[in-house]
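Visitor: Input: one structure, supplied below.
The values are calculated or read from the model by the stated rules, or taken from the named source; none is laboratory data. Just so we're clear, the structure is a prediction, and the values are computed from it rather than from any experiment. Note that we place each Cβ from the backbone using ideal geometry, even for glycine, and neighbour counts take in every protein chain shown. Note: areas computed on protein heavy atoms with side chains; ligands, DNA, RNA excluded. Shrake-Rupley method; radii C 1.70, N 1.55, O 1.52, S 1.80 Å.
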Amino acid sequence: MKKAVWSGVIAAAVVLLGSSSAFAQQTAGASIAVTAHVDAKAKLSLSLATIDWPDADPDVVTVFTSAPVTVDVKARTSAGGNVTVTVLASGDLTSGTDTIPVNTLTWTAGGSGFAANGANDKTTAQTLGTWTNSGNHSGSQTLSLPNLWSYRTGVYTVTLNYTLTAP
Amino acid sequence: MRGPRPAHAAGPAFPMRLTVPVLLLIVLVAAGSAPAAQTSNATLNASINSAARLSLSSAALTFPDADPDTSPSIQAAQGPITVTAKARTSPNGTVTLTVRATDELRSGLNTIPASNITWVASGAGFTNGTLSATTAQPIATWSGSGERTGAHTFFFRNLWSYATGTYTLTMVYTLSAA
């Protein structure tokens, strides 16, 4: 008698590795939206906060001259925006009731964008430097005051206020 | 179709009350005692095609304004971006992840080069880099199939020279499994 018997068989599991069609290049994508905020700001620094000229013989020292004052300007503004540094004196040089006109206190300056020379004023801010666009700028300013025999004795003071404007 | 019943079989092959489990038992016993066997092979084909999947923990990246003197490099407000890359590829096939900016950082007519955005990466296969609007930059490379996770922390170079504005761009990530 003939018996047909099936043995349970699973011979192989063939994984199609290496098939060119199965392994065509696959890609996946994603994206990120990036936002950077750049706001207006201005920063001004002076290397000196005080200038003090000791007394001197007018025949020997005809002009009081300061050490160079380094002026650092940093500004962020709109494209094409004007950046300006101005100086306004608080008044004339004053010692009690005696004065020396502040417009005799002059300066020379160096550095790109800085006014080469100027005179201080107590009513109208004087422009020390102008630039266009954002950026940082550095220059130096040297202040001078004639030393005249005509001055009355005293300790004369004035404050110079620097203003950086970046719209 | 069944063959003729043996001559000695006087009655029906199975009593009417014989149940199916009993039938199976009989067949198995017969198989165990058979001196010869016939085999047959069955082939199972499992197709595993290449595939790639990419996910990012954030869809937005923001750099807040800051003083360039105190923060010359601004970290993105979202912190590290987690990247999960899943890929099926051929054995030792190359899996690459790249990123490219769609444009420079732009605010109206003003631009800041996309290269002012950099990243520091962590995770096996991930590398540090600099964004570009012209060339896709590699973020990570691996070999073979698998799931990988890493993170990048993005930084924005903060300069005084930038014109004011709100600058935007889109970073496009591409995961390729060859």
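Visitor: In segment B:109-129, what residues are part of a loop (DSSP other than H, G, I, E, B) and aliphatic (A, V, I, L, M)?
Guide: Once the filter is applied, which keeps residues that are part of a loop (DSSP other than H, G, I, E, B) and aliphatic (A, V, I, L, M), segment B:109-129 yields B:L109, B:A124.
Visitor: Provide a single number: the residues in segment A:34-73 that are away from every other protein chain (no Cβ under 14 Å), free of Cβ contacts under 8 Å to residues at least 60 places away in the same chain and among the β-branched types (V, I, T).
Guide: Looking only at that region, the number is 2.
Visitor: I'd like to check which strands (runs of 3 or more DSSP E) are fully inside segment B:31-108 and have at least 3 residues that are more than 7 Å from chain A (Cβ to nearest Cβ) and more than 19 Å from A:T27 (Cα to Cα).
Guide: Answer list for segment B:31-108: B:73-75.
Visitor: For segment B:146-178, name all the residues that are part of a loop (DSSP other than H, G, I, E, B) and either more than 22 Å from A:A75 (Cα to Cα) or more than 7 Å from every other protein chain (Cβ to nearest Cβ) (or both).
Guide: Matches in segment B:146-178: B:N158, B:L159, B:A178.
Visitor: On to the next question. Among the residues of segment B:127-158, which ones are touching a helix residue (DSSP H, G or I) at 6+ places or on another chain (Cβ under 7 Å) and open to solvent by less than 50 Å² (accessible area, probe 1.4 Å)?
Guide: Correct list: B:L131, B:S132, B:A133, B:F156.
Visitor: Looking for something surrounded by 17 or more Cβ atoms within 10 Å (Cβ to Cβ) and closer than 17 Å to B:A85 by Cβ - is there at least one such residue anywhere in segment B:101-118?
Guide: Looking for residues that are surrounded by 17 or more Cβ atoms within 10 Å (Cβ to Cβ) and closer than 17 Å to B:A85 by Cβ, one finds none in segment B:101-118, hence no.
Visitor: To continue, here is another question. Within segment A:1-25, restricting attention to residues that are open to solvent by 70 Å² or more (accessible area, probe 1.4 Å) and not hydrophobic (A, V, I, L, M, F, W, C), which residue is modelled with the highest pLDDT?
Guide: Selected residue: A:Q25.
Visitor: Which of the residues belonging to segment B:89-100 are under 12 Å from B:A133 (Cα atoms) and either open to solvent by 60 Å² or more (accessible area, probe 1.4 Å) or free of Cβ contacts under 8 Å to residues at least 60 places away in the same chain (or both)?
Guide: Once the filter is applied, which keeps residues that are under 12 Å from B:A133 (Cα atoms) and either open to solvent by 60 Å² or more (accessible area, probe 1.4 Å) or free of Cβ contacts under 8 Å to residues at least 60 places away in the same chain (or both), segment B:89-100 yields only B:R100.
Visitor: Follow-up question, since we're still on this one. Going by the structure shown, is A:L164 part of a strand (DSSP E or B), modelled with pLDDT of 95 or more and open to solvent by less than 20 Å² (accessible area, probe 1.4 Å)?
Guide: It is false that A:L164 is part of a strand (DSSP E or B), modelled with pLDDT of 95 or more and open to solvent by less than 20 Å² (accessible area, probe 1.4 Å).
Visitor: Just to confirm my filter: which strands (runs of 3 or more DSSP E) fall fully inside segment A:78-135 and include at least 2 residues that are among the β-branched types (V, I, T) and open to solvent by less than 50 Å² (accessible area, probe 1.4 Å)?
Guide: Where strands (runs of 3 or more DSSP E) fall fully within segment A:78-135 and carry at least 2 residues being among the β-branched types (V, I, T) and open to solvent by less than 50 Å² (accessible area, probe 1.4 Å), they are A:82-89.
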